[in-house]
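**Q** Sharing a structure here in structure tokens format.
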Amino acid sequence: TPSWFFTDAKNRNLTKEGLYSRQFNYMKRVMNHFDYIKVWDVVNEAITDNNNSNQIFRTKNSKWIEICGEEFIEKAFIMAHSIGPDKKLFYNDYNLLNKKKQDRVFQMLKNLIDKGVPIHGVGIQAHWTIYDSISDIENLIMRFSTLNLEIHITELDLSVFKKNDKSLKSEYVFNGSEEEKQAKLYGKI
């Protein structure tokens with residue numbers, strides 16, 4: 001979200017009510033303009049990747065958290081539902097094979113469902129590697145299926161590089177064994 005979205009004409013942070021009003025007007029314009037779209041990614045990437053933190057949400061440089069607190073996610077789904085009650089509403093995130101992040105996202109979704117927040121699905125950004133386990137992928141999908149939400153793979157790519165590999169060279173050449181491993185994992189997925 002661009003920085004201007006959170007400020008008034010004098011470049012001061014909006015109040016919570018002012019931000020929610022701006023958010024609602026924006027969502028209404030976009031959802032009505034693209035009325036033919038039936039599934040909406042309402043909140044995207046709100047959960048922290050920091051495994052050394054007890055926090056659930058991304059707070060660093062988050063104006064949503066700063067101004068509205070954690071309730072902004074719940075409010076976004078309620079707004080989207082009021083604008084498009086016939087639309088399917090999704091939460092979307094990446095790095096869900098990371099157990100701590102997976103736990104955080106699962107708990108947040110469960111809390112929203114328990115509160116009766118109108119949420120219909122979870123989008124999995126599958127930025128995985130050929131070194132990831134198909135059983136870990138299956139367990140992730142099976143775990144989220146227990147929430148009775150639709151599950152969409154919203155992005156899918158399988159890197160041939162190990163996560164956090166800092167030794168990548170510009171002269172790297174994709175080889176046949178990596179290609180075969182990548183193709184097999186795509187097939188299994």
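The values are calculated or read from the model by the stated rules, or taken from the named source; none is laboratory data. Remember, predicted model here, so these are calculated numbers, not experimental data. FYI the Cβ positions are ideal-geometry reconstructions off the backbone, even for glycines, and counts take in every protein chain you see. The protein model used for the area step is the full one, side chains on, heavy atoms only, and it has no ligands, DNA or RNA in it. Shrake-Rupley method; radii C 1.70, N 1.55, O 1.52, S 1.80 Å.
**Q** With a 1.4 Å probe and every protein chain left in place, work out the accessible area per residue of the chain in Å², rounded to a whole number. Please report the intermediate quantities before stating the final value.
**A** Numbers: 11400 Å² over 189 residues.
The answer is 60 Å² per residue.
**Q** About the Cα centre, and with charges only on the beta carbon of Lys, Arg (+1) and Asp, Glu (-1), how big is the dipole of the stretch 1-64? Nearest 20 debye, please. Could you put the intermediate results ahead of the total?
**A** Working: 10 positive and 6 negative charges, 53 e Å.
So the dipole magnitude of the stretch 1-64 works out to roughly 260 debye.
**Q** Then there's this: Taking the stretch 1-63, which chymotrypsin sites (Phe, Trp or Tyr not before Pro) meet the DSSP loop condition and have no more than 12 other C-beta atoms within 10 Å?
**A** Details: sites: W4, F5, F6, Y20, F24, Y26, F34, Y36, W40, F57; in loops: F34, Y36.
Listed in order of number, the matching sites are F34, Y36.
**Q** While we're looking at this one, here's another question. What is the pair-distance distribution P(r) of the stretch 1-129, computed from all Cα-Cα distances in 5 Å bins starting at 0, with each bin given as a whole percent?
**A** 2, 10, 19, 21, 20, 16, 9, 3, 0, 0
**Q** Quick one: how many lysine pairs does the stretch 1-145 have with C-alpha atoms less than 13 Å apart and a gap of 8 or more or different chains? Give me the count, please. The partial results should precede the final answer.
**A** On the way: K16/K63; K16/K75; K28/K87; K38/K87; K38/K88; K75/K115.
Lysine pairs satisfying the spacing and distance rule in the stretch 1-145 number 6.
**Q** Another one. Given the alpha-carbon gyration tensor of the stretch 110-189, what are the semi-axes of its equivalent ellipsoid in whole angstrom, ordered largest first, with each equal to the square root of 5 times an eigenvalue? Working shown, then result.
**A** Values: eigenvalues 212, 37, 19 Å².
Taking √(5λ) for each Cα gyration eigenvalue gives 33, 14, 10 Å.
**Q** Identify the trypsin sites (Lys or Arg not before Pro) of the stretch 30-76 meeting these criteria: DSSP loop state and at most 10 other C-beta atoms within 10 Å of the C-beta. Don't jump to the answer; show the numbers that get you there.
**A** Values: sites: K38, R58, K60, K63, K75; in loops: K38, R58, K60.
For trypsin sites (Lys or Arg not before Pro) across the stretch 30-76 that sit outside H, G, I, E and B with at most 10 neighbouring Cβ atoms in 10 Å, the list reads K38, K60.
**Q** Taking the Cα centre of the chain as the origin, how large is its charge dipole in debye, to the nearest 20, when only Lys and Arg (+1) and Asp and Glu (-1) carry charge on their Cβ atoms? Could the numbers behind the result be given before it?
**A** Values: 27 positive and 25 negative charges, 106 e Å.
I would put it at about 500 debye.
**Q** Pull out the extension gain between Y26 and T1, defined as 0.36 nm times the separation in residues minus the alpha carbon to alpha carbon distance; nm, one decimal. Mind dumping the intermediate values first?
**A** Working: separation 25, 0.36 × 25 = 9.00 nm, distance 1.15 nm.
Length gained, Y26 through T1: 7.8 nm.
**Q** Read phi for every residue in the stretch 105-117 and hand back ³J(HN,Hα) as whole Hz from Karplus 6.51 cos²θ - 1.76 cosθ + 1.60, θ = phi - 60°, with x for Gly and Pro.
**A** Couplings: 5, 4, 5, 4, 4, 4, 4, 4, 4, 4, 7, x, 5 Hz.
**Q** Between Rg and the Kirkwood Rh of the stretch 44-189, both from Cα atoms, what is the Rg to Rh ratio?
**A** Rg divided by Rh gives 1.03.
**Q** Using modelled amide H (1.01 Å from N, peptide plane; none on Pro or chain starts), what sits under 5 Å from the amide H of T154, excluding residues fewer than 5 places away?
**A** I124, Q125, A126
**Q** Which of the trypsin sites (Lys or Arg not before Pro) found in the stretch 110-145 are loop residues per DSSP with 15 or fewer other Cβ atoms within 10 Å of their Cβ?
**A** Details: sites: K110, K115, R143; in loops: K115.
Sites meeting the loop and neighbour criteria: K115.
**Q** List the residues, sorted by chain then number, that are 5 or more residues from T7 or on another chain and whose placed amide H is less than 5 Å from its amide H.
**A** Long-range HN contacts for T7: L14.
**Q** Which residue, F106, V122, S133, has the largest displacement toward the positive end of the dipole of the stretch 78-189 when charges sit on each Cβ (Lys, Arg +1; Asp, Glu -1)?
**A** Of the candidates, F106 comes out farthest on the positive side.
**Q** Label-point separation (nm) for K181 and E66, each offset 7 Å from Cα along Cα-to-Cβ?
**A** Going by the 7 Å Cα→Cβ label model, 4.3 nm.
**Q** Where does the chain land at 222 nm, in deg cm²/dmol rounded to the nearest 500, when only DSSP H runs of n ≥ 4 count, each adding -39500 (n - 2.57), divided by all residues? Numbers along the way, then the final one.
**A** Numbers: 6 runs with 77 residues, N = 189.
Helices in the chain give a 222 nm mean residue ellipticity of -13000 deg cm²/dmol.
**Q** Give me, ordered by chain and number, the residues 5 or more places off K163 or on other chains with an amide H under 5 Å from its own placed amide H.
**A** none
**Q** Still on this structure: Considering the dipole of the chain built from charges on the beta carbon (Lys and Arg +1, Asp and Glu -1) around the Cα centre, which of G69, S82, T1 is farthest to its positive end?
**A** In the chain, that residue is G69.
**Q** Something else about it: Against the longest alpha carbon principal axis of the chain, how many degrees, from 0 to 90 and to the nearest 10, is the axis of helix 134-145 turned?
**A** Long axis of 134-145 versus the principal axis of the chain: about 20 degrees.
**Q** Next question. For an R0 of 41 angstrom, estimate the FRET efficiency from the Cβ-Cβ distance between D157 and H33 and round to the nearest 0.05. Walk me through the intermediate numbers first.
**A** On the way: r = 30 Å, r/R0 = 0.72.
Efficiency, from the Cβ-Cβ distance: 0.90.
**Q** If we count every other residue with Cβ under 15 angstrom of G116's Cβ, Lys/Arg +1 and Asp/Glu -1, where does the sum land? Please list the in-between numbers first.
**A** Working: positive: K75, K110, K115; negative: E71, E74, D114.
So the surrounding residues net to 0.
**Q** Within the accessible area of the stretch 4-109, what % is carbon and sulfur when the probe is 1.4 Å and the other protein chains stay in place?
**A** Numbers: 3070 of 6070 Å².
After summing per-atom areas, the C and S share lands at 51 percent.
**Q** Can you compute the charge dipole magnitude of the stretch 106-189 about its Cα centre, using +1 on each Lys and Arg Cβ and -1 on each Asp and Glu Cβ, nothing else charged? Give it in debye, rounded to the nearest 20. Intermediate results must be reported in sequence, preceding the final value.
**A** On the way: 10 positive and 12 negative charges, 54 e Å.
Here the stretch 106-189 has a charge dipole of around 260 debye.
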